[in-house]
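Heads up: the structure comes next, in structure tokens.
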Amino acid sequence: MDRFNELNAFIAVAEAGGFSAAARTTGDSQSAVSKAIGSLEKRLGVMLFNRSTRRVTLTDQGRRYYDRTKPLIDEMQDADSELTRSTLGVSGLIRIAASGTFGRLHVLPLIPTLLSLNPGLQVDLVLSDIVRDMVEDRIDLAIRLGPVTEPDAVVRRVAITPLVCVGSRRYFERHGIPKTPAELVEHNCLLYGGLTEAANWPFVGREGRFSVPVRGNLWSNSVETIRAAVLGDVGIGLFAKVSLADELSHPDVIPILGEFMSDVRDISLVWPKRRFVPARVRQVTDFFADAIPRRT
């Protein structure tokens, strides 16, 4: 069996997590895929997969081999697709990561157009407020709201969004509307980022930037939770404007302290550091770079 077929089978099993699933992906029989992996492991002299009755996972050697060979396979497929890209668009699988709320509001609505423009493309959309390790989780493109901390990542900023402070009409009817940031210490401020004793919200005044320590009775690492709590009259929340979508035009949602708000958050498209970036990743990046600013 030639090495190209072995590598294709190896990549398919690594990404599908099993031999039968890989067979469905490649169109080969399960026995053919298993034979290819066995031949590859024999030739290399190492075990590439941990096998159990429930799942198949990469060994440490298998992970290193995947990280080296996957870009090579991508480059070969990319070379093939260049001949037909003008008429058929890019093809293959791309794994995209975005935060839960931003992804639901601004990435997911763009996916149908992306797929219609590229019928051969397959999208694995991962929505989570947890920042994914792009290499470990095999993320091809991350769409980030806020700072990018990976030192080796390739970052393309495509838009900015301001911070807004909001509460519900019923909450303010009960507790009053704070006129200055200092008055927030008397209010129930809902904190994004998990359980802490306090958080500092950024503002700007005549003397420049300053922060106000705030407290509340609800913490969460989910923007969706904070949004729901604000709409449920629980307290005041601080958000990137894009995370509120239509809520800002809702009569029961009231922005406050606008004259003290100046901070913005970047919206960036991020690639993991790699020597080769497949054409489909570059083209999908260009698609979002054009489409996302129109929504912000």
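The values are calculated or read from the model by the stated rules, or taken from the named source; none is laboratory data. Since this is a predicted model, take the numbers as computed values, not measurements. All Cβ positions, even for glycine, are placed from backbone atoms using ideal geometry, and neighbour counts span all protein chains on display. For the accessible areas, the whole protein counts, side chains as well, though only heavy atoms, and no ligand, DNA or RNA atoms are used. Shrake-Rupley method; radii C 1.70, N 1.55, O 1.52, S 1.80 Å.
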Among the residues of the stretch 134-142, is any more than 13 Å from the chain's Cα centre (by Cα), more than 22 Å from residue 273 (Cα to Cα) and surrounded by fewer than 19 Cβ atoms within 10 Å (Cβ to Cβ)?
no
Of everything in the stretch 110-128, what is in contact (Cβ under 8 Å) with a residue 24 or more places away in the chain, of a type outside the set (Asp, Glu) and either open to solvent by less than 70 Å² (accessible area, probe 1.4 Å) or touching a strand residue (DSSP E or B) at 6+ places or on another chain (Cβ under 7 Å) (or both)? Give them in sequence order.
110, 113, 114, 118, 120, 121, 122, 123, 125, 126, 127, 128
Heads up, the strands (runs of 3 or more DSSP E) in the stretch 23-126 (entirely inside) with at least 3 residues that are among the basic types (Lys, Arg), modelled with pLDDT under 85 and touching a Leu at 6+ places or on another chain (Cβ under 9 Å) are none
Go through the stretch 5-35 and report how many residues are open to solvent by 80 Å² or more (accessible area, probe 1.4 Å) and either touching a residue at least 24 places away in the same chain (Cβ under 8 Å) or of a type in the set (A, V, I, L, M) (or both).
1
Got a sec? Which of 34, 29, 52 is among the polar types (S, T, N, Q) and out of contact with any helix residue (DSSP H, G or I) (no Cβ under 9 Å at 6 or more places or on another chain)?
52
Output for the stretch 238-266, where each listed residue is open to solvent by 30 Å² or more (accessible area, probe 1.4 Å) and polar (S, T, N, Q)
249, 262
Failed item, numbered, when residue 131 is tested on (1) modelled with pLDDT of 90 or more; (2) open to solvent by 50 Å² or more (accessible area, probe 1.4 Å)
(1)
Residue within the stretch 138-155 that is without any contact (Cβ under 8 Å) to a residue 40 or more places away in the chain and either touching a helix residue (DSSP H, G or I) at 6+ places or on another chain (Cβ under 6 Å) or among the β-branched types (Val, Ile, Thr) (or both) present:
yes
State whether one or more residues within the stretch 154-174 are touching a Ser or Thr at 6+ places or on another chain (Cβ under 7 Å) and small (Gly, Ala, Ser).
yes
Checking the structure you have, find out if any residue of the stretch 279-296 is over 30 Å from residue 71 (Cα atoms) and part of a loop (DSSP other than H, G, I, E, B).
yes
